[in-house]
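The values are calculated or read from the model by the stated rules, or taken from the named source; none is laboratory data. Because the structure is predicted, anything quoted here is derived from the model rather than measured. A quick note on method: Cβ atoms are made from the backbone with ideal geometry, for glycine too, and the neighbour counts reach across all protein chains shown.
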């Protein structure tokens, strides 16, 4: 019953937050006014600036911001217990993340649809624009590396997801080609494409799982021994980065826009089915959150070497509560499509609350879903003598064609099934990001089984969901990184970087170096639990900078800023604290030992320096900016 209570309470809390707090910000702080001329109408060109219906922009915005951040982060963070993760997702999502996204969108709407970085150059100082670009460069490098790694690990762990994920690409190109020819996106065409996508998911689950097995073809080519880099995760990552290169340089209307549109429907279908299954499983007492996983895990039960909950909870969950990447979407593309200011509450504030709702479903799947006991752990030893774990479905009732219930399996002792997945006796160095993503996929498949969906098919549906979410962020980030590198090339007068092919090559090349970072106990492609905290810290620091820009926008206009103070401090202190721990803590990037990594350490140090520099510039200007409006040329004029 506790599962149903948490699910229903989450829906109620988020709806009330939207209605009460979102409306307060819209009316009393940002003072939305539909009589203002928005960028999509002022600069309408039917290419970038296009007035669009609220529902369409909402779908585009949500699929753009909701990558695997709200899946990987909570799936990893529940090893501290489900209660801290749940509280931060809800409180952070409402009072930090939704305010950040809403504010970034409104500030861009009031500044000709410019990005937050461009606006910062006028609101604070010209130098901050370059500082912001450099911070974006480092942040997006990590984003590309980690999200490419996520998709690759999903493909390795769930080969049934490969066909369903890749089939959407030719369908998207066809969809985009028809749109360019002036053909309307009819409901019938959309339905047919959804049937093809889910048909390919079914084929991948039962008949066409796609595996990359280096050992097989390397030997066939005459190789004596498989090199350490030739594992399936590395190979999938290379393929995905090559895809990112082409996706970044192709016309956006030919691939990315139609793929986002198709993915949005695929994601809505899968998530709706999952939410219904969670509610049904909770109502029928087939899933019990409290009985399945600990609300909080004692410090003496943590894996050896695990990072402390403070500050790492706040940067591990990342996008499920707040994400700096969202300010790039809000100000980079969404603000150029909003048809009237009043739409921005639903698009900016509402989309983030929906993403927090997604993060709660992940917490429930990784705890209550896993606790249903439908998967068990098997152990094997690899060539290096390391113990590896795999989770497989338990026996099923052949006559009823359904998984055996927890009672029929003579229910395990409290928390035993969950502890198999989040084993407290292993070292933190032995954790694999794929296992935590697998907890969501397997736990979600357990929920779907209440609707008589076989576990293998449920796994395929949710693995495709994760891969498509990550791919949406991956290719969008590649395009954004290309823009950043080109702009840096222009600002720093490095002419070759202004070429889109060179800039894209640099972007995917650096992302590959990041993705192939090994963990202390594994080879290339195993460093996910090292990279994810670095991603979280740089991502949250970016959110702190966006809050700084929003604060200056309101401060210059004499509008109240009290609601921004705590989120700004939180997003400045927690990421810097976590980044400092990663650099100088036990096994830190800059500490001699297994954790030493000069490349990641360099990214961390550079990010800290740029962040402090930008905050220093803002602090110096802050007392003199009250009531002084910025001018379009970067000079200031006193408010009259």
Residue list for the stretch 211-229, restricted to those being loosely packed, with under 14 Cβ neighbours inside 10 Å and modelled with pLDDT of 75 or more: 211
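Is it the case, given these coordinates, that residue 179 is farther than 30 Å from residue 391 by Cα, assigned to a helix (DSSP H, G or I) and at pLDDT below 85?
Values: farther than 30 Å from residue 391 by Cα: yes; assigned to a helix (DSSP H, G or I): yes; at pLDDT below 85: yes.
The answer is yes for residue 179.
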Within the stretch 534-548, is there a residue that is farther than 30 Å from residue 435 by Cβ, outside any helix (DSSP H, G or I), modelled with pLDDT of 95 or more and out of contact with any strand residue (DSSP E or B) (no Cβ under 7 Å at 6 or more places or on another chain)? no
Residues in the stretch 107-124 that are touching a helix residue (DSSP H, G or I) at 6+ places or on another chain (Cβ under 6 Å) and more than 23 Å from residue 343 (Cβ to Cβ) total 5
For the stretch 26-51, which residues satisfy the criterion of being assigned to a loop (DSSP other than H, G, I, E, B) and in contact with a strand residue (DSSP E or B) (Cβ under 7 Å, 6 or more places away or on another chain)? 38
Residues within the stretch 230-259 that are assigned to a helix (DSSP H, G or I) and surrounded by 21 or more Cβ atoms within 10 Å (Cβ to Cβ), tallied: 12
Note down all Cβ pairs under 9 Å where the first residue falls in the stretch 363-379 and is touching a residue at least 60 places away in the same chain (Cβ under 8 Å), the second is part of a strand (DSSP E or B) and crowded, with 24+ Cβ neighbours inside 10 Å, and they're at least six residues apart or on different chains. 372/403; 374/403
Just to be sure I understand the filter: pairs with C-beta atoms under 9 Å, separated by 6 or more residues or on different chains, first member in the stretch 273-301 and touching a residue at least 12 places away in the same chain (Cβ under 8 Å) and at positive phi, second member in a loop (DSSP other than H, G, I, E, B) and surrounded by fewer than 19 Cβ atoms within 10 Å (Cβ to Cβ). Which pairs pass? 285/1
Here, helices (runs of 4 or more DSSP H) confined to the stretch 64-160 with at least 1 residues that are touching a strand residue (DSSP E or B) at 6+ places or on another chain (Cβ under 7 Å) are 98-109, 116-123
Filtering the stretch 587-614 down to residues that are over 26 Å from the mean Cα position of the chain (by Cα) and at pLDDT 85 or above, which residue is farthest from residue 511 (Cα to Cα)? 613
